[in-house]
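Worksheet for the structure shown next.
The values are calculated or read from the model by the stated rules, or taken from the named source; none is laboratory data. Everything numeric in this text was worked out from a predicted model, so none of it was measured. Methodologically, a virtual Cβ is constructed for each residue, glycine included, from the backbone with ideal geometry; neighbour enumeration extends over all protein chains shown.
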Amino acid sequence: MIFNFGNEFLEVYDYKKYETEYWYKLESFYGQDMKKSVENLATSKITGGRRYPLRTRRKYELDRYPVETLSGTQETVTRKVRGKNSKTALKTTDFVNLAILGAKVKKAKILKVLKNPSNNDYERRGVISKGAVLETEDGQCRVVSRPGQDGAVNAILIK
């Protein structure tokens with residue numbers, strides 16, 4: 001598969017691996033975020049005329065492409081958000097902060113993603129999100145943090 005970024009062409013053999021990098025490049029190439037359409041414009045007016053939006057979306061109403069955390073060596077992405085704040089998101093990670101009942105928090109290596117109830121596609125691709133069940137060295141655990149926004153994978157041991 002070949003992607004075109006203006007004057008730059010990128011040939012990709014493993015689409016899954018470069019899927020998130022493609023969206024980051026798109027966002028930086030166009031210099032803007034995703035624009036949601038204005039709702040309730042699909043129906044026509046009672047006279048049969050077309051509906052037009054009264055205004056376009058504000059900057060704070062724009063969406064961004066999600067950072068889908070995968071298993072691998074740790075990489076983070078820092079992005080600017082509203083109010084001169086910043087969010088640190090995990091692009092890839094190989095360790096989880098595992099909370100064991102009656103013990104201290106332990107850093108454990110992630111072996112694989114077993115289940116992800118938020119999305120079947122995430123489960124197939126091995127994306128780590130809140131509620132995902134991971135296989136670690138210490139057993140199975142459930143993710144309680146949001147790695148795409150918090151910048152850390154925190155989990156509790158379930159087995």
Query raised in the report: Do you know which of the residues in region 108-149 that are in contact (Cβ under 8 Å) with a residue 12 or more places away in the chain and part of a helix (DSSP H, G or I) is nearest to the chain's Cα centre (by Cα)?
Result: G148
**Report entry** Selection count, region 56-102, where residues are outside any strand (DSSP E or B), closer than 20 Å to G131 by Cβ and among the β-branched types (V, I, T)
**Finding:** 2
Requested in this report: Scan region 116-133 and give yes if some residue there is hydroxyl-bearing (S, T, Y) and touching a Leu at 6+ places or on another chain (Cβ under 9 Å), otherwise no.
Outcome: no
**Report entry** Some residue of region 29-38 being of a type in the set (A, V, I, L, M, F, W, C), at pLDDT below 95 and either in a helix (DSSP H, G or I) or within 20 Å of the chain's Cα centre (by Cα) (or both)
**Finding:** yes
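Yes/no matrix, rows are residues, columns are (1) aliphatic (A, V, I, L, M); (2) over 30 Å from V38 (Cβ atoms); (3) surrounded by 16 or more Cβ atoms within 10 Å (Cβ to Cβ):
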{"position": "R64", "(1), (2), (3)": "no, no, no"}
{"position": "V81", "(1), (2), (3)": "yes, no, no"}
{"position": "K84", "(1), (2), (3)": "no, no, no"}
{"position": "L90", "(1), (2), (3)": "yes, yes, yes"}
{"position": "K109", "(1), (2), (3)": "no, yes, no"}
{"position": "Y122", "(1), (2), (3)": "no, no, yes"}
{"position": "R125", "(1), (2), (3)": "no, yes, no"}
{"position": "G148", "(1), (2), (3)": "no, no, yes"}
{"position": "L157", "(1), (2), (3)": "yes, yes, yes"}
Query raised in the report: Out of curiosity, is T73 at pLDDT 90 or above and under 23 Å from the mean Cα position of the chain (by Cα)?
Result: yes
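Every residue, every condition in (1) closer than 12 Å to E68 by Cα; (2) polar (S, T, N, Q), yes or no:
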| residue | (1), (2) |
| --- | --- |
| P117 | no, no |
| R125 | yes, no |
| I128 | yes, no |
| V133 | no, no |
| Q140 | no, yes |
| V143 | no, no |
| V153 | no, no |
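Each row is one residue, and each column tells you yes or no for (1) assigned by TED's automatic domain parsing to the domain that holds K115; (2) not charged (D, E, K, R).
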| position | (1), (2) |
| --- | --- |
| R55 | no, no |
| Y60 | no, yes |
| T73 | yes, yes |
| R79 | yes, no |
| K84 | yes, no |
| K87 | yes, no |
| T93 | yes, yes |
| A99 | yes, yes |
